[in-house]
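The values are calculated or read from the model by the stated rules, or taken from the named source; none is laboratory data. Model, not experiment: these values are computed from the prediction. A quick note on method: Cβ atoms are made from the backbone with ideal geometry, for glycine too, and the neighbour counts reach across all protein chains shown.
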Amino acid sequence: MMKKLLSMFALVTMLGFGFTGNTLAEDAAPAAETVTTTEVAPVAEAVAPVAEVAPAATEAAPAEAAPTPVPNKGDTAWMLIATVLVTLMVIPGLALFYGGLVRQKNMLSVLMQVFMIFSLMAVLWAIYGYSIAFTGGSPFFGGLGKAFLAGVTPESLGATFSKGVYIPELVFVAFQLTFAAITPALIIGAFAERMKFSAILAFMVLWFTFAYLPLAHMVWYWDGPDAITDAASLETVVANAGWLWAKGALDFAGGTVVHINAGVAGLVGAIMVGKRIGYGKEAMTPHSLTLTMVGAALLWVGWFGFNAGSNLEANGYAALALVNTIIATGAATLSWTFSEWLLKSKPSMLGAVSGAVAGLVAITPACGFVGPMGAIVIGLLVSPICYFMVAKVKYLLGYDDALDVFGIHAIGGIFGALATGVFVNPALGGAGVVDYVANGVAAYDFGAQMTAQLYAVGTAILLSAVVSFIAFKIVDVLIGLRVSEESEREGLDTSQHGERAYHN
C-alpha cells in the first residue's frame, strides 16, 4: 500500500514540475494600464479575509469623524446569489453527477453522503471553521477569536478587493461555507460503493479540520486592501497573511484549496480502502448517464457563483471570471470529446461531461487572473492530460478511483494552478497582479510567480496526503473503513441505509 502511495505522489510531483516547461505563448493585447514598480504587492486573492471595520486609531482626535463604511447593496445582492449558486453545485449538482455514475444499488448512498457532508460542514464551519480559516493566528492556522461566530453580526463588515468597498461579514461567512462543504464532498467519489457511512463522516471531520482549514488560511487569509497604504504597511500585511498568500501564490477560487486538496485525499482513500469487489473483472458502468448529465449541467451553472462570486464584487473582474468559466469549460468539453473520438472511435456523453468538469477545475484558480484566450488554451490542454490519467495511468498503477476524483480534480487542479502563473502575464492577455501601493498592476516576473505556484501545489499535495493518511488510519482503527463483502455485494443503499433509490 505504501509503495502505491509513494509511486502516485512521485507521479504527481513529476507532473507538477513537468507542466511548467510546456507553457504556451500567444500574441495578446497588453493590459490597458500597467504600472511597473520595484515592489510587487501580493495579488488580490480570490477570497479576502473578513475583518470588522473599526475607526482608525490616531494620535490626535480628527476634526471630523470619518463616515462609517456602508456595504455596497449591489455587491451584497450578487454575493447572496453566488452563495445560492454554489449550494446548487453541491445539492443537487454534485449529488446527481456522482449518483448517476455509480451502480443502481449504490445510488441512494451517494446522495446521502453528499447531503450529510454538506450539512455537517455547515455546522462545523459556524462552530470553528470560519474562525480558523479567516482570522489571524499564525501563517499556517488561524485562531478561535470568532469561534461560534462570536462578534459576527448583521452590522459587521468584510473587506473586498477594492479599497473602501465592503460586504456584510455574514454574506462572506455563508459564501465560504459552501466552499468548505463541497470540498470534502468531492472526495467520496474516489472510494464510492465500498466505504462505511459512519467512517466517511468521521474522516470528514478530521480532514476538514486539519487539511481544508489550514490550506484555506494559508492561501486566502490577509488583512484586506485598506490595510495597505505604503510599503511599510504592505510589509505588515504580508507578515500577518497566510503563508502561501505571503509568497504571492495565485488561487482565485480554489484550485489548490479545493481541487488538489480533495483529489489527493481521494487517491489516498482509494488506495487505503482498497478496490471494489470484482474491479477489473465485472462491469461497473454508470447506471444513469442521464442523471450524470443533469448533475454536470447544474455544476456548470453553479460554478459561476463559485468562480465569479470569488471576486466578492459585482464588477468587471466578476464578468471576466464568468466569461472564462464558460469558454474554458466549452474548450475542455470539445478537447476531451475529440480526444476520445480519435482514440475510441466514438464520442461519449461520459467523456463530454468529464471534459466539462476538467475544464471547470482547471479554470478555477485562473478565472479572475487570465484573459479569455488564455482560458481557451487552459481548457484545450487540460482535457487530454486528465483523459490520459483516467484512461491509462489509473489502470497501469492499479488503484480504484471509482469516479476519477484524483485524475480530474487533482491533476486538473495542478495544471490549472501552474497555468495561472503563466497566463496571468499581461503580455498574454492576463489581468496581472495588483499592486495596492502603486494602485496599479505590478511588473510580471515569470520565475517568481511560477515559484510561488509550485509552493502552493506542493504544499496542497503534501498537506492533504499526510492528513488523509493519518485520518484514514485513525478511522480504520476506531470504526473500520470498509463495509463487509456481503454488504458491498448487496449494495450500500440497503445495507447502510435500509432504502433503495428505485423500486422497479
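What to note about this one:
- Looking only at residues in segment 406-417 that are under 26 Å from G429 (Cβ atoms) and not aliphatic (A, V, I, L, M), the one that is surrounded by the fewest Cβ atoms within 10 Å (Cβ to Cβ) is F415.
- Just one residue in the set P168, P184 is surrounded by fewer than 24 Cβ atoms within 10 Å (Cβ to Cβ) and in contact (Cβ under 8 Å) with a residue 40 or more places away in the chain; that residue is P168.
- Test: residue in segment 416-425 that is among the aliphatic types (A, V, I, L, M), over 20 Å from the mean Cα position of the chain (by Cα) and farther than 21 Å from I277 by Cα: no
- Single match in A216, A253 (criterion: in contact (Cβ under 8 Å) with a residue 40 or more places away in the chain, under 20 Å from G158 (Cα atoms), in a loop (DSSP other than H, G, I, E, B) and among the small types (G, A, S)): A253
- Qualifying residue in segment 158-169 (condition: more than 22 Å from D435 (Cα to Cα), of a type outside the set (K, R) and out of contact with any Ser or Thr (no Cβ under 8 Å at 6 or more places or on another chain)): no
- Contacts under 6 angstrom Cβ, first residue in segment 335-348 being free of Cβ contacts under 8 Å to residues at least 40 places away in the same chain, partner assigned to a helix (DSSP H, G or I) and of a type in the set (S, T, Y), 6 or more apart: P347/T337
- Here the condition is being at pLDDT 95 or above, surrounded by 24 or more Cβ atoms within 10 Å (Cβ to Cβ) and of a type outside the set (F, W, Y); of L350, L403, it holds for L403 alone.
- Residue match in segment 357-380 (condition: in contact (Cβ under 8 Å) with a residue 24 or more places away in the chain, over 25 Å from A216 (Cβ atoms), surrounded by 24 or more Cβ atoms within 10 Å (Cβ to Cβ) and in contact with a Phe, Trp or Tyr (Cβ under 6 Å, 6 or more places away or on another chain)): yes
- Scanning segment 270-326 for residues that are at pLDDT below 95 and among the charged types (D, E, K, R) yields K281, E282.
- Every pair of residues 6+ apart whose Cβ atoms lie under 8 Å, when the first sits in segment 428-446 and is without any contact (Cβ under 8 Å) to a residue 60 or more places away in the chain while the second is hydrophobic (A, V, I, L, M, F, W, C) and surrounded by fewer than 20 Cβ atoms within 10 Å (Cβ to Cβ): Y444/A427
- Contacts under 6 angstrom Cβ, first residue in segment 112-139 being in contact (Cβ under 8 Å) with a residue 40 or more places away in the chain, partner surrounded by fewer than 24 Cβ atoms within 10 Å (Cβ to Cβ) and among the polar types (S, T, N, Q), 6 or more apart: G136/N240
- Residue identified as surrounded by fewer than 23 Cβ atoms within 10 Å (Cβ to Cβ), touching an Asp or Glu at 6+ places or on another chain (Cβ under 7 Å) and under 30 Å from G100 (Cβ atoms) among V390, V437: V390
- Segment 123-165, residues that are surrounded by 17 or more Cβ atoms within 10 Å (Cβ to Cβ) and in a helix (DSSP H, G or I): L124, W125, A126, Y128, G129, Y130, S131, I132, A133, F134, L149
- Some residue of segment 293-314 being farther than 30 Å from K73 by Cα and among the aromatic types (F, W, Y): no
- Scoring G430 on the criteria (1) in a helix (DSSP H, G or I); (2) more than 30 Å from H287 (Cα to Cα) leaves a single failure, condition (1).
- Scan segment 441-466 for residues that are among the aromatic types (F, W, Y) and part of a helix (DSSP H, G or I) and the total you get is 2.
- Residue pairs meeting the criteria (Cβ under 8 Å; at least 6 apart or on separate chains; first of a type in the set (K, R), in segment 190-204; second in a loop (DSSP other than H, G, I, E, B)): R194/G274; R194/R276; R194/I277; R194/V483; K196/I479; K196/G480; K196/L481; K196/V483
- Test for L108: is it within 22 Å of L88 (Cβ to Cβ) and more than 22 Å from the chain's Cα centre (by Cα): yes
- Qualifying residue in segment 264-285 (condition: surrounded by 24 or more Cβ atoms within 10 Å (Cβ to Cβ), under 16 Å from the mean Cα position of the chain (by Cα) and among the small types (G, A, S)): yes
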